[in-house]
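Comments concern the structure below.
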Amino acid sequence: MKRIQTALAALAFLVTGCTTEKNPMDVFINDLMSKMTLQEKIGQLNQQVAGEIVTGSAQDTKIGHLVEEGKIGSVLNIKGVDNIRALQQIAVEKSRLGIPIIVGMDVIHGFETQFPIPLGLAATWDLEGIQQSARIAAQEASANGVAWTFSPMVDICIDSRWGRQAEGAGEDPFLGSRIAEAMVTGYQGTDPNTFAEDEIMACVKHFALYGAAEAGRDYNTVDMSRLRMYNQYLPPYKAAIEAGAGSVMSSFNIVDGQPSTANHWLLTDLLRKEWNFGGFVVTDYASIDEMVKHGIYPDKQHNAAMALKAGTDMDMVARAFLETLEQSVKEGLVKESEIDQACRRVLEAKYRLGLFDDPYRYCKPERAVGSTYTKEYRRVARQLTAESLVLLKNENNLLPLEKKGTIALIGPLAETRTDISGSWAVSQTPEKYSTLREGLDRALEGKAILLCTQGCNLLNDAEAQKITAKGHGNEPIPYVNKQEACQQALSVARQADVIICAMGENAWMNGEGTSRASVEMPEPQQELLKALKQTGKPIVLLNFAGRATALKWESENIQSILQCWYGSESGDAIADVIFGDFNPQGKLTVSMPQCTGQLPLYYNHLNTGRPVADDAKGYRIFASNYIDVRNGALYPFGYGLSYTTYTYSDIQLSHTEMPVSGNITASIIVQNTGKRPGYEIVQLYLRDKFASISRPVKELKGFRRIHLNAGESKTVTFEITPELLKFYNNNLQHVIEPGEFDLMIGPNSRDVKTVTFNVK
Ligand code: BGC
């Protein structure tokens, strides 16, 4: 029936020509909407949860009857291809008009094959790899009933107290934008108007500015100048939309005093009018209800009306549209045409997804068999996980370790299976994944003895430790007797030649609702590290985290530190790096502070009128610094070591003057001066030295990931285009201002070579 409708619509298109209002999609949707009652249209705007996954407050999850009555347009948190198919069958066969539902899910860093958390994927700086991870996630998800993912999360975050730093690409708008594009293309393919059956719709979130929550406390207030929004926070959302993302999720926070969900400037003036977004907007989880607590209106009805009028099209979970919009039309609070518009946008997404042609295209059980967690997907995940690991310190080349003697593996993350894959692994099957211990053991092939013990608790607070297991079927990390666990660890350590500590955060110490007031190593873990240091044995610290943590003591006392970001293949990938089968290459996309008090900390800050250099020796009074800590990061943005070394030549500019509408090039020779082949991430930064507004001390404007064999040199050339020099001025015009620019190239944001050029 639907197939015939589409064919007729296509025919109408061919007959009537290419006018937009007569394109097949419009013809089809006009026809469908002409048959819909107001309540059925409102139904399309309603998204409900099923009970299989929990990502927010408890809700009534018996939704079959609502689907049958045409009161649900989309469902989330439903798992299992058979379940999804059964629900789709109700929509298609039992509801009056047979309109299929869209099933959405948080496929954030993989479906079943779990890649590193997004902050870790970003640390690869490997755009092709990141795109491929999203592609694989789409292939697995689409074979298991899911047509729509709530990803990419592109919130810039400069304050790692916020646990959701884990879910984004870090602190940089340029890199964040490139990653956003790669993710959208990976999920959706290159044509946003049609989806193959193994492509799914992306949802850019959380629109907007959610990552700027005050004091890093989740869901907290955001207040920001337009200038900062446009220059620092908005670019990744815009890039994702330009890449064709089919949907946008509003954020929990306020923007200019109004909740994003009901912010007309944000959802209509900016998103639709300025950026030409043509997809639909869904709220975040029950965020229309939260408007009561934000103090906008005391009742559902007025909040729902405000959200709809602002540009929200779909209400996630709150049932506010479902329960109030009909009444609001009667009372003249909203117009029926406003409901029509939102309904049309939702139906368009369904049309583009091909659901009217084949409502079951994403839920064919036969497709699900053998298409998830395949050998090939796992190979790619292992590779990307290895690429994501960031070597922060490697005194006397302790790493890589030889496969011999006795190795101690100690720490709360050593043997967890459920925490290894990361916080947003909502569709994980942990029984298939390896623990870190198993990964290391496999790599050792019996050539060395591996002794393992937990050693300490994750946190001192037993209750908090239990809550961090709240994730998707996670097993709590056992709460152990402190003295006994420590004695056991020391006895294991004394038998070993080298100690590997698997510590930091478990999966649910980062992600949603996991703010930390202190981002240092949790106390019981640092205490154990201190005790282990007393044994005099060399220590490798694997720091698992979903944020920039502060490792000052560790950096001064532990020989080698490797930053790890989870993923189902972590056990094998970490072993690959530890034993030297893979040369580390990851680089941080966040500034790691010396201590929590430095936060927010980010490399692309303004200079202030009283700047103090990051590496200044001591405290200076009446200058912009602290009495007790120097300004710089412990490990800066872009930083990461390798088992080989690289040198950078001086920079060659093609010209030292650049016309406002012309290009120049900057080149540098990078040489691998060590003994191993490796990938180096060469970074370009620019600084507009004098402008109508104060500009950052440096901004990433390009990067290349290059492979160099031992001894090999390569010339890396960057083209400097006017676009790269533009910024939003006080009138929010995107301009290039003539004058002097610094151009910097280096292995990270700190250790750069600098030249100057003039724009005329
Ligand atoms: C989160 C979103 C997520 C949604 C659906 C919310 O609590 O903020 O990121 O996509 O739940 O699970």
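The values are calculated or read from the model by the stated rules, or taken from the named source; none is laboratory data. The structure displayed is predicted, hence computed values, not measured ones. Every residue, glycine as well, gets a Cβ built from its backbone with ideal geometry; the counts of neighbours run over all protein chains shown.
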>> Looking at region 55-67, I want the residues that are closer than 22 Å to Gln39 by Cα and crowded, with 16+ Cβ neighbours inside 10 Å and have a partner that is among the hydroxyl-bearing types (Ser, Thr, Tyr) and at pLDDT 80 or above with Cβ atoms under 9 Å, at least 6 apart or on another chain. Which pairs are those?
In response: Val67/Ser95
> Under the condition of being assigned to a loop (DSSP other than H, G, I, E, B) and of a type in the set (Asp, Glu), which residue from region 123-165 is nearest to the ligand (Cβ to nearest atom)?
Replying inline: Asp155
>> Given the condition small (Gly, Ala, Ser) and closer than 30 Å to Glu52 by Cα, answer yes or no: does some residue in region 480-499 qualify?
In response: no
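Just checking, does region 93-116 include any residue being among the basic types (Lys, Arg) and buried (at least 20 other Cβ atoms within 10 Å of the Cβ)? Working first, answer last.
Residues of region 93-116 that are among the basic types (Lys, Arg), as a first pass: 94, 96.
Next, only the ones that are buried (at least 20 other Cβ atoms within 10 Å of the Cβ) stay: none.
Taking every residue of region 93-116 in turn, none turns out to be among the basic types (Lys, Arg) and buried (at least 20 other Cβ atoms within 10 Å of the Cβ).
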> Does region 719-729 include one or more residues that are touching a residue at least 60 places away in the same chain (Cβ under 8 Å), over 15 Å from Leu175 (Cα atoms), part of a strand (DSSP E or B) and under 27 Å from the mean Cα position of the chain (by Cα)?
Replying inline: yes
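Restricting attention to strands (runs of 3 or more DSSP E) lying wholly within region 475-585, give those where 2 or more residues are at positive phi, away from the ligand (no atom under 16 Å from the Cβ) and over 32 Å from the mean Cα position of the chain (by Cα).
Working: elements: 498-504, 539-544, 560-564.
Once the strands (runs of 3 or more DSSP E) in region 475-585 are filtered for at least 2 residues that are at positive phi, away from the ligand (no atom under 16 Å from the Cβ) and over 32 Å from the mean Cα position of the chain (by Cα), nothing remains.
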> Are any residues in region 637-655 more than 19 Å from Tyr679 (Cα to Cα) and crowded, with 19+ Cβ neighbours inside 10 Å, and if so, which ones?
Replying inline: Ile651
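When you scan region 87-100, do you find a residue that is within 16 Å of the ligand (Cβ to nearest atom) and either touching a Leu at 6+ places or on another chain (Cβ under 9 Å) or not charged (D, E, K, R) (or both), even just one?
If we filter region 87-100 for residues that are within 16 Å of the ligand (Cβ to nearest atom), which is where we start, we get none.
No: zero hits.
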> If we keep just the residues of region 730-756 that are of a type in the set (Asp, Glu) and in a strand (DSSP E or B), which is surrounded by the fewest Cβ atoms within 10 Å (Cβ to Cβ)?
Replying inline: Glu740
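Evaluate region 202-218: report whether one residue or more is within 24 Å of Gly56 (Cβ to Cβ), modelled with pLDDT of 95 or more, assigned to a helix (DSSP H, G or I) and of a type in the set (A, V, I, L, M).
Start the filter on region 202-218 by keeping residues that are within 24 Å of Gly56 (Cβ to Cβ), which leaves 202-218.
Still in the running and modelled with pLDDT of 95 or more: 202-218.
Filter once more, so that each one left must be assigned to a helix (DSSP H, G or I): 210-212, 214-216.
Imposing the further condition that a residue be of a type in the set (A, V, I, L, M) reduces the set to 212, 215.
Yes, the conditions are met somewhere in region 202-218.
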>> Quick check on region 102-122: of everything there that is part of a loop (DSSP other than H, G, I, E, B) and within 16 Å of the ligand (Cβ to nearest atom), which residue is farthest from Glu197 (Cα to Cα)?
In response: Ile117
> Looking only at region 38-62, which residues are outside any helix (DSSP H, G or I) and away from the ligand (no atom under 16 Å from the Cβ)?
Replying inline: Leu45, Asp60, Lys62
> Only one residue in Gly246, Gly257, Gly168, Gly211 is surrounded by 24 or more Cβ atoms within 10 Å (Cβ to Cβ), of a type in the set (Gly, Ala, Ser) and over 14 Å from the mean Cα position of the chain (by Cα). Which one?
Replying inline: Gly246
> Is there a residue in region 145-156 that is among the β-branched types (Val, Ile, Thr) and under 26 Å from Glu376 (Cβ atoms)?
Replying inline: yes
> Hey, among the residues in region 273-292 that are crowded, with 19+ Cβ neighbours inside 10 Å and among the aromatic types (Phe, Trp, Tyr), which one's farthest from the ligand (Cβ to nearest atom)?
Replying inline: Phe277
> Cβ-Cβ below 8 Å, separation at least six or inter-chain, first residue in region 389-409 and closer than 25 Å to Ser491 by Cα, second of a type in the set (Val, Ile, Thr) and modelled with pLDDT under 95: which pairs?
Replying inline: none
> Which is surrounded by fewer than 20 Cβ atoms within 10 Å (Cβ to Cβ), away from the ligand (no atom under 16 Å from the Cβ) and modelled with pLDDT under 95, of Gly332, Gly354, Gly295, Gly370?
Replying inline: Gly370
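Which ones in region 63-92 are among the small types (Gly, Ala, Ser), part of a helix (DSSP H, G or I) and over 24 Å from Val426 (Cα atoms)? I'd like the intermediate steps shown before the answer.
Of the residues in region 63-92, the ones among the small types (Gly, Ala, Ser) are 64, 70, 73-74, 80, 86, 91.
Among the residues that remain, those that are also part of a helix (DSSP H, G or I) are: 64, 86, 91.
Ala91 - this is the single residue of region 63-92 that is among the small types (Gly, Ala, Ser), part of a helix (DSSP H, G or I) and over 24 Å from Val426 (Cα atoms).
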